[in-house]
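Student: Supplied in structure tokens, the structure appears directly below.
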Amino acid sequence: MVVMDITIKLGVDAEKRDSNMRQAMVTTIAAEHVHSPVLEADLEDALELAGAGKYQLLHSLLMLATLFAAILEMIGIAFVLPAAACDLNVPDNLKGIITSLPNIGVILTAPFWGRASDSLGRKPILLGSLAGAGVMTFVASFMPSLVTFALFKFACSLFLSSPSSLGYAYVSEMLPRRRRDYAVLVINGLVNLLTVFSPGLAWIILSFDWHYPLGVIDLRPWRVLTAVYSLPLLLTALCMLAADESPKFLMTRGKDREALDVVKRIYAVNTGFHEDSFCVKSLKSPCDLPDPEQRGSGCALAPKAHSQSAWALLRPPHLKWFALTGVLMFGLFSFLNGLFLFAPDTINKVMSGESTSGTVCELIDQSDNSTSSSGCVDSISHHTFFIMVLTTLVYGALVVGASLSPLSKKTLLVSMFIVVGVGCLIAGLSTNRIAAGIAMSSLQITALGIGPLTAYVVDLFPTTLRGTAVGAVMMFGRVGSVAGANAAGVSLSAACMVTFYAFAFLVFFCAALSFLLPSEKALKSREPVMDS
């Protein structure tokens with residue numbers, strides 16, 4: 001046993017030494033050649049020489065804003081719909097469909113936006129999709145009927161696929177390899193923490209009961225809330241004008257000079273030195289690398305390679321990872337954008353009921369019977385907002401803490417699925433409505449899985465497939481969102497306890513599947529062929 005421990009320690013130490021030697025070598029090159037007229041390097045080494053600092057921080061904050069704006073719009077419907085139920089005459093059997101509208105559009109357009117980002121670039125696609133989504137949501141807030149409101153919300157969803165997923169890949173491609181996983185995990189944790197603005201804004205705006213006649217509509221707080229949810233999309237679109245294109249994308253298009261200019265700007269912002277002092281004067285085309293296995297997507301510039309790249313996801317060696325990550329994302333989003341979106345309405349029914357004891361399902365039945373006899377109710381209790389805001393802050397902080405922890409991506413995924421499964425069972429079985437509400441809110445911890453799972457996708461697929469892969473895997477997630485939202489919308493009233501048992505089984509199944517993902521050591525061994 002002692003010998004085994006020594007062997008393992010030596011192996012770990014050797015791995016650390018290799019990593020430190022590479023970093024030291026890159027640093028030495030930078031020091032020796034800062035005044036050299038010509039130094040050629042591949043993009044990965046150039047990014048390492050440019051460093052990670054203020055530039056990547058600002059870029060990561062911008063990508064955080066794009067992801068936050070998209071998520072705010074997608075989960076905001078959970079608070080808008082209960083408040084608009086009477087104005088728009090929303091029947092109970094359509095609540096699941098209306099709630100899942102943001103994800104239906106994402107499903108239909110995910111392959112298009114993913115391919116467009118790989119063909120036209122990260123920046124123009126993000127800018128256009130953010131602006132389109134923001135405009136459509138803003139217009140939806142002034143629609144007079146359920147049909148027109150739903151149409152414009154659906155039109156908005158057609159633009160949401162890119163801002164809700166591409167930011168993770170965009171962040172990774174601006175960073176040295178050793179910082180990518182960390183950045184994705186932190187951003188994912190912060191996105192989850194910032195979702196507190198969804199119930200927070202709803203609490204502030206919907207707390208007032210007023211209306212102002214405005215032509216064919218009455219301007220009410222839920223319309224203002226819908227318009228407010230659109231503002232981050234429009235503001236972030238304006239900020240995107242100042243962003244640089246991904247140097248990795250530029251290299252895949254054969255634009256080596258433009259890619260080097262971006263890396264030089266990264267260096268200048270990070271160090272404060274002039275761009276011309278950057279030691280790298282030219283970038284190696286992936287085709288120029290001596291090892292054929294290290295040749296990257298720059299060698300795939302022929303039309304044939306581009307036409308086949310999207311289909312490569314359905315062929316070995318990518319098929320197994322595409323299928324596994326797709327199924328896991330399906331299960332993850334069926335909770336996060338499915339069952340969890342009914343948490344505000346469910347908690348509101350539980351907290352508004354006269355009884356203080358009984359399971360969630362019993363209290364929902366009592367609330368539905370009371371509502372059916374007293375007419376339409378579109379108010380949300382302060383207790384509901386308090387629980388949602390407080391639990392979002394607490395669970396968001398836990399997600400950020402877990403994201404910053406030294407735990408591996410696989411450990412985070414497995415732990416998250418197990419915790420959420422237990423929370424789902426407690427939500428359905430607890431006879432204390434406060435405990436049930438807190439457990440129901442715990443389903444948002446599922447957001448912790450987005451970062452590690454997306455980081456896996458970024459690691460497992462080459463640059464020419466990365467945007468397509470992220471978009472396609474996210475599409476599986478959106479399918480899970482639609483399936484989860486519609487299943488929860490129907491079954492919570494028809495077979496309440498079965499709903500909680502079924503979702504708990506799904507999440508435990510995903511925990512078991514997560515063990516099939518490669519370890520960190522296996523991912524590192526794949527690095528030389530990542531862009532082949």
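Student: Give a residue-ordered list of calculated ³J(HN,Hα) values for region 229-246 (Karplus: 6.51 cos²θ - 1.76 cosθ + 1.60, θ = phi - 60°; whole Hz; x for Gly, Pro).
Tutor: Here the 3J(HN,Hα) series is 5, 7, 4, x, 5, 5, 5, 5, 4, 5, 5, 5, 4, 8, 7, 9, 6, 5 Hz.
Student: Region 153-283: Rg/Rh from Cα coordinates, Kirkwood Rh?
Tutor: Here the Rg-to-Rh quotient is 1.13.
Student: Let me ask something else. Across the Cα atoms of region 376-509, what radius of gyration and what greatest pairwise Cα-Cα distance (Dmax) are found, in Å?
Tutor: Spelled out, the Cα radius of gyration and Dmax of region 376-509 are 16.8, 53 Å.
Student: Quick check: residue separation of Asp261 and Asp218 times 0.36 nm, minus the Cα distance between them. What number comes out in nm?
Tutor: 10.2 nm
Student: Right, here's the next one. Between Thr148 and Leu235, what length comes free when the chain is fully extended (0.36 nm per residue of separation minus the Cα-Cα distance, one decimal in nm)?
Tutor: 28.8 nm
Student: Quick check: pseudo-label points 7 Å beyond the Cα along Cα→Cβ at Ala512 and Trp311, how many nm apart are they?
Tutor: Result: 3.5 nm between the two label points.
Student: Could you order the peptides 158-168, 476-486 from most to least packed, using the average number of other C-beta atoms within 10 Å per residue? Can you show the working numbers first?
Tutor: Values: 158-168: 28.5, 476-486: 24.7.
Top to bottom by mean Cβ count within 10 Å: 158-168, 476-486.
Student: Efficiency by 1/(1 + (r/R0)^6): what FRET value for Ala495 and Ser379, r their Cβ-Cβ distance, R0 = 25 Å, to the nearest 0.05?
Tutor: 0.35
Student: When the dipole is taken about the Cα centre of region 165-278, and only Lys, Arg (+1) and Asp, Glu (-1) are charged at their Cβ, what size is it in debye, to the nearest 20?
Tutor: Details: 12 positive and 11 negative charges, 59 e Å.
Charge dipole of region 165-278: 280 debye, to the nearest 20.
Student: Let me ask another. Go through region 35-108 and name the chymotrypsin sites (Phe, Trp or Tyr not before Pro) that are in a DSSP coil and have 14 or fewer other Cβ atoms within 10 Å of their Cβ. Can you show the working numbers first?
Tutor: Working: sites: Tyr55, Phe68, Phe79; in loops: none.
The qualifying sites: there are none.
Student: What FRET efficiency comes out for the pair Val394/Leu57, r = Cβ-Cβ distance, R0 = 22 Å, nearest 0.05?
Tutor: So the FRET efficiency works out to roughly 0.25.
Student: Continuing with the same structure: Around Met240, with a cut-off of 10 angstrom between Cβ atoms, what is the net charge of the other residues, counting Lys and Arg +1 and Asp and Glu -1?
Tutor: Overall, the nearby charge balance is +2.
Student: Whole-Å semi-axes of region 88-216's equivalent ellipsoid, largest first, each the root of 5 times a Cα gyration tensor eigenvalue? Display every interim value, and only then the final one.
Tutor: Details: eigenvalues 206, 74, 36 Å².
Semi-axes from the Cα gyration tensor: 32, 19, 13 Å.
Student: Please arrange Met251, Met497, Met474 by how many other C-beta atoms lie within 10 Å of their C-beta, fewest to most. Walk me through the numbers on the way to the answer.
Tutor: Details: Met251 26, Met497 15, Met474 30.
With the fewest neighbours first, Met251, Met497, Met474 line up as Met497, Met251, Met474.
Student: Local charge sum around Leu47 (other residues, Cβ-Cβ under 11 Å, Lys/Arg +1, Asp/Glu -1)?
Tutor: Summing Lys and Arg as +1 and Asp and Glu as -1 gives 0.
Student: Add +1 for every Lys or Arg and -1 for every Asp or Glu among the other residues with Cβ under 14 Å from the Cβ of Leu160, and state the total.
Tutor: +1
Student: What is the fewest-to-most order of Phe249, Phe335 by other Cβ atoms lying within 10 Å of their Cβ? Don't skip to the answer; put the middle values down first.
Tutor: On the way: Phe249 27, Phe335 30.
Ascending Cβ contact count within 10 Å gives the list Phe249, Phe335.
Student: Fewest to most neighbouring Cβ within 10 Å: what's the order for Trp210, Trp222?
Tutor: So the ranking, lowest neighbour count to highest, is Trp210, Trp222.
Every number in this text was worked out from the coordinates using simple rules, so none of it is lab data. All values reported here derive from a predicted model rather than from experimental measurement. Reconstructed Cβ throughout: ideal geometry from the backbone, glycine too, with neighbour counts over all protein chains shown.
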